[in-house]
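First up is the structure itself, then whatever we jot down about it.
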Amino acid sequence: MLQAAPPSARSHHLGLSAEECVARRYGGDGGHVRAARWRCPEGELDLVVELAGEIVFVEVKARRHGAETVTARQWARIGAAASRYLAEHTDGTVPCRFDLALVDRMGRLERIENARSFDDW
């Protein structure tokens, strides 16, 4: 008899699948994924997308709840990682935004553009 994967493994694979779904959507909208699961000492960025001359930092959640699924502490880490990314990979003049992408088990995607801003920190 086959055993189900442990919850942590299932969650990891669900998260990867959600990130791929979101990356395809941004690509279909003309975006270019510059980085996926980009890590630095400050934190991790799920997706970094270049879209219409703008850098979009996308936090992906493999569930369908509102923006409250990301805590203030998580947003702070995302903001710090985004600052590092901008310093290392841009000239600092490129506009940017933070989107939240929620993907449910059926693969339905809800994209919340400008879910957070640097001004919120």
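The values are calculated or read from the model by the stated rules, or taken from the named source; none is laboratory data. A quick note: this is a predicted structure, and the numbers were derived from the prediction, not measured. Note that we place each Cβ from the backbone using ideal geometry, even for glycine, and neighbour counts take in every protein chain shown.
What about VAL58, is it within 19 Å of ALA35 (Cα to Cα), in a loop (DSSP other than H, G, I, E, B) and either at pLDDT 90 or above or touching a strand residue (DSSP E or B) at 6+ places or on another chain (Cβ under 6 Å) (or both)? Judged against the criteria, VAL58 is not a match. Among the residues making up the stretch 79-104, those that are loosely packed, with under 13 Cβ neighbours inside 10 Å and out of contact with any helix residue (DSSP H, G or I) (no Cβ under 8 Å at 6 or more places or on another chain) are ALA87, GLU88, ASP91, THR93, PRO95. May I ask you to verify whether LEU47 is closer than 18 Å to ASN114 by Cβ, touching a strand residue (DSSP E or B) at 6+ places or on another chain (Cβ under 6 Å) and surrounded by 11 or more Cβ atoms within 10 Å (Cβ to Cβ)? It is true that LEU47 is closer than 18 Å to ASN114 by Cβ, touching a strand residue (DSSP E or B) at 6+ places or on another chain (Cβ under 6 Å) and surrounded by 11 or more Cβ atoms within 10 Å (Cβ to Cβ). The listed residues are ARG39, ARG34, and the only one of them that is modelled with pLDDT of 95 or more, over 22 Å from ARG105 (Cβ atoms) and surrounded by fewer than 16 Cβ atoms within 10 Å (Cβ to Cβ) turns out to be ARG39. All conditions but one from (1) loosely packed, with under 13 Cβ neighbours inside 10 Å; (2) of a type outside the set (Phe, Trp, Tyr); (3) not in a strand (DSSP E or B) apply to ASN114; the one that does not is (3).
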